[in-house]
Each structure stands twice: as structure tokens, then as C-alpha cells.
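Every read-out reported here was derived from the displayed coordinates using simple, explicitly stated rules and does not represent laboratory data. Everything numeric here is computed off the predicted structure, so don't read it as measured data. Positions of Cβ are generated from backbone atoms using ideal geometry, with glycine treated the same way; all protein chains shown enter the neighbour counts.
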Amino acid sequence: MTRKIAQGTKKLRTLASLATLFVIPSVLVATREAVYAAEHTKPAQTATPQQTTDWPVYGGQPENDHYSSLTQINKNNVSKLQVAWSFDSNEVGGLQTSPLIVGRMLYAYTPTQKIIALNAATGKTVWTYDSGVKGTQPGRGLTFWKQGAETRLFAGVMNFLYALDPATGKPIDSFGEHGRIDLRKNLRGDYREQSIVLTTPGVIYKNLIIVGGRNPETLPSPPGDIRAFDVRTGALQWAFHTIPHPGEFGYETWPEKAYLTSGAANNWAGMAVDVNRGIVYAPTGSSVSDFYGGDRIGDDLFANTLLALDAATGKRLWHFQGVHHDIWDRDFPSPPSLLTVQHDGQRVDALAQTTKQGYLYLFDRVTGKPLFPIEERPVPESNVPGEKTSPTQPRPTHPEPLGRQILTNQMLTERTPAAHQFALDKFQTMRSEGQFVPLSVGKQTIVFPGFDGGAEWGGSAVDPRTGVIYVNTNEMAWTGGLVENKGSASAGETTYRSLCVVCHGVNREGAPPAFPSLVGVGQRLSDSEISSTVRQGKGRMPAFTSLNDEALTALLEYVKHGPSSAPGAKSDKVELASANAANGQSYEFTGYRKFLDQDGYPAISPPWGTLNAIDLNTGKYLWKIPFGEYPELAASGMKNTGSENYGGPVVTAGGLLFIGATIYDRKMHAYDSETGKLLWQFELPLAGLATPATYMVDGKQYVVIAAGGGRDPKSSSGGRYIAFALP
């Protein structure tokens, strides 16, 4: 059933609600276990030969700390690492998966979201499960559950959540509808018209699996309810409405009845769990539409909010909204990390949350009290008709932001004199005033750090022994703007401007490679291929299942031929579908644009990506280094520039920080976690745009990463897993 939250009486714009918490005793589930009875080995805190130390949860443990106590691979011998085994799925498309390792089994995805089980010591295939549903969205990980001798492996494939037998890969028929549940159901209206996919795995609390999902970033989009399902039956146990219903806390921060039409405010990045206290921490993203909020005036709780929920019931315990009335797509991009710090002479169980704008927040995880002060700072007001922005936005006083916060003409590229002049000429046409500057009509605004962070979905690693957090970030500048929606000549154009313009731009030119151009797409793809992509989504593109056949046909004509195509006759069905798609938006986003020079390199001065270590006991940086580089620039002497990077780090008790993530140089790295010194690196066949995992089998420690590429237009994509170990 759906849980209703009693309406609060405190001010809704609060830095954190200090609600009293009930401590719920619990036992740790989804911990270290074996799968095959014939290969079963008991877990141990200190691994010895014939024993296994696992990586049983996305993020390492329920706390999402990305930490391992293993020490066999350490600072003294990491330079000797070599490939122990590799697995090639022989598929294209890229990978973002952090695999699970339980006993002697490694569980992961292929690029088309087949689920595979490999022997964790050899990389040999044990089983493969093909659901018959082609995965076109990222699959970042799976979820493992165990109680007694009973085990289940949960896998999201598009809008379905499957429960598999970990030993055989076969669906468990008693779960949901013959082994799966459809996450489109129980949201709003006709479930067949909803679009939601599970890209980041759910988390386990006792006999519940708690999930969010990825929603479209344009209307129509379903609400981003956070839901808990019974692990055995698949029955819905509770749902938290991130767009509040009448009588629920936060309802007044939206227009009346917004819950019937507004969408998203979803947890797409994943969650962390305090198992002992029974609290699940779920950060949410923005509500739609991302860049114009004239139809959702107000602060829009619980969009862009870090939520602490009672894991057993879904009741809100406390919350912190990181962006009020977001019009910059400033989602919380990753699960929080749980750790313990020294604060004011006491040990405090804390929570660290990163952001796209480069802020890092630290809270008492029980009360929600900020451990470093958070200030509500005045920000510019929007001058776009119909828009009403928040007068203030929060910012922590410590730590200092992970990246530069405002781009000036003194920070433009000096790669060549021509590149500098090109950047300067473009810069002088744009608005650059720092964080939370509302987008303008007719002029591009610089968003820095860009729409892809700051911090990103890979998440952070924390060392529970020291209270140090490790975060990789992007330091790229992007631009955005608005155009007035003056109506269009055809139903296809209306639908395009509502659903597609946010990524592919008003002129269908996109921002390659992340957002490809659609100019000439009819010469590259057939109508059926384009239709399939629209219906099912692909990569960063969500599925648009609400379009009827006539509306889709009209959209195809516009996508292929642009506004020069004849408008044609409009049937009632096309008109209705187009009107539903547009949803009365007065202004539209011009599309994502990176601020690049004429040769495609960042138009700003380095670093373009960094790796950071921060002592959360004090809020002070221990080290910061450029992270990644362009091989062709490095060959010409321009080294250590940093670069875009996706996928997070892993920290170990052996004093090491393992991370892949860099797009262009395709390196897997090992750093000294105390100093940031590079100790070892290996050039992968494809970029490792995923978070690694480390584990031990039969006394040997392994580090494994998914190498799939897919973001560098000069390189191919695929689906490989590569494991390293000492000789």
C-alpha cells in the first residue's frame, strides 16, 4: 500500500529536518555468501587460503563506502599487477557495471543487459540469462539477497525487475509475474504509457528490495516514487511520493494537483543503507522539465533532495534539499557514502553527499544536522516570463568546492593562440556569473561545472579508518539557453520540441558524441531503427512509450527532414499526442552544449578532470591532482590536463586507490591513497567507465573492472571484464 506522510508544520525550506528517529534493530542481509553448494566457502573477516572475501553489494557494502579491508595488493607490490583473466561479451554498446562477487561467482551485465555469472577466479562463464528484453539503457549493477540457505539475484532490465536463482540464472517463478515485476505499474495512470528503467540497482533491507528508477527528463514523465517490494513475492510494500500528494509534507511547495501531471524527482543514482538503524538514504534528481519550471512554481520538494527514510515503512525521517526549484538539471548524481568522523571531539556517524555543482555535504546521518555550516545564499532572479526562481540556494562552508565555480576570460584555453582567440570570441557572447544563474532567452549561459558534474554517478570512496573521502570530478564548462515556444507547423515538430530538443537541440544538431546530431539520420538509420530507439531508448536517451503510432510517424518525418517537411494533415490522435507531449511549455531548452574550441578540446584552461582526497574530520583537502589526459596532447607535451571521467574509485586497507574512469587514455590506475602518487597504470582495450571491485578467492586478491568505452568518438565500444592480480 502507499504510505501517506503526515503534513509537517515546520518551515519547508529547512536545511535538515530534525525528526526524532526510531532505532530499528536488524541483521545484515546480502552479506558475504557463496552460491554453488559445491563451491561454497565460508566468509571471513581476514582472508586466508581457501577462504573468500566478497564484494556483495553495489558500492562494496550497504554503506556504499567503496572500501575493502584486503591488503594482499598494497603500495609495495602493486607495480607487479598483471592481467589474471578477461572476459569478452562480444557485444558492442559499452558498460557501466560494477560487478558483484559472492563466493566464487562474479555477477554482471553484458552491454545488451544479458545477466552473466563468471567464475571469479578464472573468468569462465558459468551461466548466462537472456530475458528476451533488449537492454538499451545503462545497467550499473545487480542486487544480491540471502536469508539462511535462500538466495536471490535481482537484475533490472529496462522497466522490469527480475529475481533469478544465483546458482542457475533461472527466473524464480514465484516472484511477481513469473519471475519479474513491471516497474511502470503503480505509478500513475495507464502503466503502458509510463517510462521508467532501473539503471542503478536497488538496495536490500531485511526482506525488502528498495528501488528508484530513471525517468524521462521531459514531459510526460511519471513521478519518481521510491518503492519497496517483497523480495520473495514482488508485492509492493511501501511507496514514498517524491511529488507529494494532498495532505503529505511538502505538498504546498508545488502548484495544486502537481502530483497528477508533474514528473521525475526520481532516485536514479542509487541509495545507501544504515542496516543497523534501518534507514535508507535516497538522493533524488530534478523534476521535469529540467530547464523551465513555469508549470511547477515553488521549491518542489522532494526533487533534488537527500531523503532519509525508515527502510521498513518508507516514512520520512529527515531531508535536505540541495537545489530549490531546480532549472539547471542539478541532480544529486550519486549514492551517499556512510562513514564515521571525529567532529567537535566526538565520533559521529555521518553521511557524505556529492553534487554536480562540486559541493560536498556532510551530515549527522541520524538527525540530518549538517556537520559543517550550510548557508542560504542569494542568487539571481530569472527574467523569463512565467518563471519564478528561488531567491536563495544552499552552499556548504566546508569543504571548499571540488571544482572552480565561475568561469572568467582569464581561465580560457591557452592550448594554441588560435584556440584561445576562438574561445574568447565565443565567451564574449555568453553569460558567465557562477552558480545558479537562470538560463536566458536568446543568449547562452555558462554552466560550470557542467551538466555532467562536478561529481558524477560513479560515486565516492571513503576509508572508514581515517574518515577520508576520495572523489573524481569533471571540470568542464557547458552552456544552455531557452527559446520561446511559438507553436510549430506540424505535430511532429511539436513532439520533437517537447521530447527531443533537450538533448538534440532546436536545430537537430545535438552535441556529439554524448548527444548525436539527427541531421541526415534518415540516411544512416531505417524508419524501424529510429522508431525502436524512440520506443525503447538508447544509452542516455529514455524510452518514450506514450507516443501513439500516428504521433510517432509524424515525429519521424520531422526528425528526418526538419521543419522544411510538409506539415501534412493532423488527425485528432496526432493532435492529442502532440498536445500531451508539449504539456503547455512556454519555453524550451536549446540543448546541451559543451564549451569546446574549434578542434573539439575544452575551451577552458586545465584541469579538465581531477581526483581529490578530503579529510572529512576537518573538511580540508589532503591532495588534488589532474585526472586523465588526451593521448595526442600528451604526445605533443601537453600532459596531465585531466579529462572527462565516469565511474568511481575503490579504496583498500592496502593503502591503494583503484580507479579507471578516464575516457580518452583508457587507463586503469592505482594511486597511493595517502599522497595521490600514481603507483601503477594499465592501458585497457576500452575505457573503463565503471567503478571497479576487489575481492579474494583462494587466498588471491583480484581487482576487476568493466571496460566498455562508448564515450570517445574515436574509439569503439564493447563489453569486457578484466581482472588483475599479483603474479
With a cut-off of at most 15 other beta carbons within 10 Å, and DSSP calling the residue loop, which GluC sites (Glu not before Pro) in segment 335-394 qualify? Please list them. GLU381
Percent relative contact order of the chain, based on C-alpha pairs within less than 8 angstrom and at least six residues apart? 16 percent
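Just check the chain against the gyration tensor rule for me: Cα atoms, a ≥ b ≥ c as the square roots of the eigenvalues, rounded for a/c under 1.5, and otherwise prolate or oblate depending on whether a/b exceeds b/c. Please report the intermediate quantities before stating the final value.
Numbers: a/c = 1.31, a/b = 1.22, b/c = 1.07.
Taking the square roots of the gyration eigenvalues as a ≥ b ≥ c, the chain is rounded.
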Which pairs in the list LYS134/LYS170; LYS114/LYS667; LYS356/LYS538 are over 29 Å apart, alpha-carbon to alpha-carbon? none
Sorted from fewest to most neighbouring beta carbons within 10 Å, what does the list TYR695, TYR361 look like? TYR361, TYR695
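Going by average Cβ neighbours within 10 Å, how do the peptides 624-631, 329-336 rank, with the highest at the top?
Packing proxy ranking, top to bottom: 329-336, 624-631.
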How would you order 305-316, 78-89, 117-128, 273-284 from highest to lowest mean count of nearby Cβ atoms within 10 Å? 273-284, 305-316, 117-128, 78-89
Using θ = phi - 60° and the Karplus relation 6.51 cos²θ - 1.76 cosθ + 1.60, list the HN-Hα couplings for segment 269-283 in order, rounded to whole Hz, with x at every Gly or Pro. 8, x, 9, 10, 10, 8, 5, 5, 8, x, 10, 10, 10, 10, x
